[in-house]
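See below for the structure under consideration.
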Amino acid sequence: MGRFVIIGAGGVGRAAAAALAEAGHDVTVVSRSGTDPGIAGVTADAADAADGKAVTRIAIGAKAIINAANPRQYHTWERDWPPVATALLAAAEASGAGLVTVSNLYAYGRVDAPMTESTAVRPAGRKGEIRARMWADALAAHEAGRVRACELRASDYVGPGVSRRVSLLGDYVVGPVAAGKPARMPIGSLDAPHSWSFVPDVGRFAALLATDERSWGRVWHVPTTEPRSVRQVAADVAATVGRPAPRVTTYPRWLMRLARLSPTIRELDETRHQFERPFVLDSSAAQQTFGFAPTAWPDVLARTVEALGQVLEPQHALLGDGRDE
């Protein structure tokens with residue numbers, strides 16, 4: 001058994017903490033507030049993830065740090081992410097802990113085929129460039145023998161424990177349809193195949209990578225089920241709660257032009273391509289290497305709907321002021 005430090009108390013961080021604690025490890029979840037996560041066997045500590053000295057203090061003696069943090073505002077990534085990435089890499093090097101970074105698919109940019117870990121890194125905007133630089137820096141430190149590092153990449157989130165404004169699918173499709181409302185996506189095609197990563201699987205996989213020596217020195221894709229289009233997901237959710245297939249639409253262009261007054265909506269332009277064409281994650285390498293099977297899609301929906309409840313109003317938070325984690 002060992003000690004592990006998780007940066008971030010959102011859905012992924014909590015799922016990773018629960019998986020590690022269940023396996024008998026000593027787990028500390030670090031957040032700005034230091035709020036007790038309420039998970040058996042897990043302690044809390046307070047620190048700013050951008051404070052390398054504070055994180056180093058907490059990480060001394062840990063086997064690994066899991067970076068499950070996310071800037072609170074989607075439109076401030078360029079300001080907020082670099083100091084956090086620098087601090088956590090420095091903390092891993094100073095403490096001797098491995099560094100597992102929870103990431104996404106932004107670095108790949110526009111793709112024409114299912115994404116594997118060898119897909120070319122060609123970011124389509126600043127967010128993808130930031131994510132690509134984070135991994136390049138961590139990999140360089142790993143190859144120089146200064147740290148042990150790996151990165152897991154997930155597609156767009158679905159599942160319990162996802163904050164509002166983090167999951168487009170949850171806010172605009174799953175929540176409304178479970179409540180008997182129509183689904184209305186702000187961007188993208190309703191029929192393009194899209195991979196959706198289940199938050200508990202992301203957390204469990206991060207925990208696995210932190211404890212398995214085969215993980216270090218490369219990128220891994222989170223084991224993810226077969227892709228489903230937005231229209232298919234809406235029908236699947238309706239079937240899960242015993243309702244007829246819902247009406248599924250996108251917001252009209254004139255409304256989205258008005259919504260661009262929101263900095264968060266403007267930021268969606270950078271990742272719009274992910275929703276306008278097939279966006280498929282190939283996770284076969286991780287599944288074959290670690291024997292990690294993704295949660296079956298019917299169970300993903302059942303657990304997501306159960307966590308949301310059926311009394312939700314449509315959550316059009318992305319037309320508001322930003323993303324929280």
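The values are calculated or read from the model by the stated rules, or taken from the named source; none is laboratory data. Quick caveat, the model's predicted, so the values are computed rather than measured. Virtual Cβ from ideal backbone geometry, glycine too; neighbours counted across all protein chains shown.
Does Asp171 satisfy the condition of being over 13 Å from the mean Cα position of the chain (by Cα), part of a helix (DSSP H, G or I) and either at pLDDT 95 or above or on the phi > 0 side of the Ramachandran plot (or both)? Against the criterion (over 13 Å from the mean Cα position of the chain (by Cα), part of a helix (DSSP H, G or I) and either at pLDDT 95 or above or on the phi > 0 side of the Ramachandran plot (or both)), Asp171 does not qualify. Listed conditions (1) in contact with a Ser or Thr (Cβ under 7 Å, 6 or more places away or on another chain); (2) over 18 Å from Ala149 (Cα atoms); (3) among the β-branched types (Val, Ile, Thr) are all met by Val42, apart from (1).
Each residue in the range 48-99 was checked for being of a type in the set (Lys, Arg) and in contact (Cβ under 8 Å) with a residue 60 or more places away in the chain, and 2 pass.
For the residues Thr43, Thr28, Thr76, Thr35, the requirement of being of a type in the set (S, T, N, Q), more than 15 Å from the chain's Cα centre (by Cα) and assigned to a helix (DSSP H, G or I) singles out Thr76. Residue-level check: of (1) surrounded by fewer than 20 Cβ atoms within 10 Å (Cβ to Cβ); (2) under 25 Å from Gly11 (Cβ atoms); (3) of a type outside the set (Lys, Arg); (4) without any contact (Cβ under 8 Å) to a residue 40 or more places away in the chain, Thr119 misses just (2).
Kindly indicate whether Pro176 is more than 22 Å from Glu117 (Cα to Cα), in a helix (DSSP H, G or I) and either in contact with a Pro (Cβ under 8 Å, 6 or more places away or on another chain) or outside the structural domain of Thr304 (by TED's automatic domain parsing) (or both). Yes; evaluated as a whole, the condition is true for this residue. Restricting to the range 1-13, and then to whatever is touching a Gly at 6+ places or on another chain (Cβ under 6 Å) and surrounded by 21 or more Cβ atoms within 10 Å (Cβ to Cβ), can you tell me which residue is modelled with the lowest pLDDT? Only one residue fits best here, namely Gly11.
Condition check ((1) at positive phi; (2) buried (at least 17 other Cβ atoms within 10 Å of the Cβ); (3) not assigned by TED's automatic domain parsing to the domain that holds Gly98) across all residues:
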{"site": "Val42", "(1), (2), (3)": "no, yes, no"}
{"site": "Ala46", "(1), (2), (3)": "no, no, no"}
{"site": "Val55", "(1), (2), (3)": "no, yes, no"}
{"site": "Gly61", "(1), (2), (3)": "yes, no, no"}
{"site": "Arg72", "(1), (2), (3)": "no, no, no"}
{"site": "Pro82", "(1), (2), (3)": "no, no, no"}
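Residues are listed down the side, and each one gets a yes or a no for (1) assigned by TED's automatic domain parsing to the domain that holds Ala179; (2) at pLDDT below 95; (3) in a loop (DSSP other than H, G, I, E, B); (4) among the polar types (S, T, N, Q):
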| residue | (1), (2), (3), (4) |
| --- | --- |
| Gly217 | no, no, yes, no |
| Val233 | yes, no, no, no |
| Val237 | yes, no, no, no |
| Arg243 | yes, yes, yes, no |
| Ile265 | yes, yes, no, no |
| Glu270 | yes, yes, no, no |
| Gln288 | no, no, no, yes |
| Thr304 | yes, yes, no, yes |
| Glu313 | yes, yes, yes, no |
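Screening Val202 against (1) in contact with a strand residue (DSSP E or B) (Cβ under 6 Å, 6 or more places away or on another chain); (2) among the β-branched types (Val, Ile, Thr); (3) not assigned by TED's automatic domain parsing to the domain that holds Arg243 leaves a single unmet condition, (1). If you check Ala183 against the conditions, is it in the same structural domain as Ala92 (by TED's automatic domain parsing), among the aliphatic types (A, V, I, L, M) and either without any contact (Cβ under 8 Å) to a residue 24 or more places away in the chain or crowded, with 24+ Cβ neighbours inside 10 Å (or both)? Answer is no for this residue.
Taken over the range 189-229, the criterion of being more than 18 Å from the chain's Cα centre (by Cα) and crowded, with 23+ Cβ neighbours inside 10 Å is satisfied by Ser215 alone.
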